[in-house]
Structure formats: C-alpha cells, structure tokens
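No lab work stands behind these numbers, since they all come straight from the coordinates. Please read all numbers here as calculations on a predicted model, not as lab measurements. Here Cβ is always computed from backbone atoms with ideal geometry, including for glycine, and neighbour counts include all displayed protein chains.
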C-alpha cells in the first residue's frame, strides 16, 4: 500500500511549479520607473493551470527556485514564431509579496496587479 502511495505522489503533477502567489496579472516596470500600469495591454497573466497569456501570445509557465520559465505555445500575431517551444528563463528575487526584481540581461520589476 505504501508503495502505491509513493508512486501516486511521484506521478501526480506538482502544484509547487505553479505557486499561488504567481497566479494573476503582472505589470512590468523598467529600472528607474515608478508605479505600475496595470491597465496596459502589455501585462502578462499567469493561470493556475500553468498557462500564460501575453497580448495574443500564449504558453506554459512554471517556477523553479528563483527562475520563472515560460515556453510559448502560440505566437499569435505579436510573438516571435522562432521562440515557439523554446524555454525563456527569467531569474528573479521576490522583494515582497507581489513584487519581483528581475535580474539578468533585461532587469526590471514585475508588479502583481490587484486581484479581480
């Protein structure tokens, strides 16, 4: 019986890869900017089921440690078709709930918009 329980735990999808604190709509702020524009059409929405929407681009997302991993599944009319199926990894530091400082080549801040 214990063996079956262990198999079920290994095979079941991990919800830790899609943490609740990341689910919702996020706005981007470049270094030196203040505030956020949660009314912008350039915000990204992360869904509980591991899907994301950005403008008319869609894909899958997950969090692994300090990395947000996004993989485009449909470029729509605004995404780069060459990126379809390729993982885009963003390193971040969670400054406080709802605020992520993005590190690397394109630094900035992601700010979670108010819940609906």
- Note on the structure: For the pair residue 42 and residue 103, the simple spin-label estimate (label points 7 Å beyond Cα toward Cβ) gives in nm 2.5
- Message: For a quick check: sort 48, 60 by the number of other beta carbons within 10 angstrom, fewest at the front.
- Response: 48, 60
- Could I have the simple spin-label model distance between residue 30 and residue 51, label points 7 Å from Cα toward Cβ, reported in nm to one decimal? 3.2
- Task: Just rank 40, 27, fewest to most, by other beta-carbon atoms within 10 angstrom.
- Result: 40, 27
- Item | Projected area, mean over directions - the range 17-112, Cα convex hull, nm² | 6.0
- Message: Quick check on the range 30-85: take the gyration tensor over C-alpha atoms, sort the square-rooted eigenvalues as a ≥ b ≥ c, and tell me if it's rounded (a/c under 1.5), prolate or oblate.
- Response: oblate
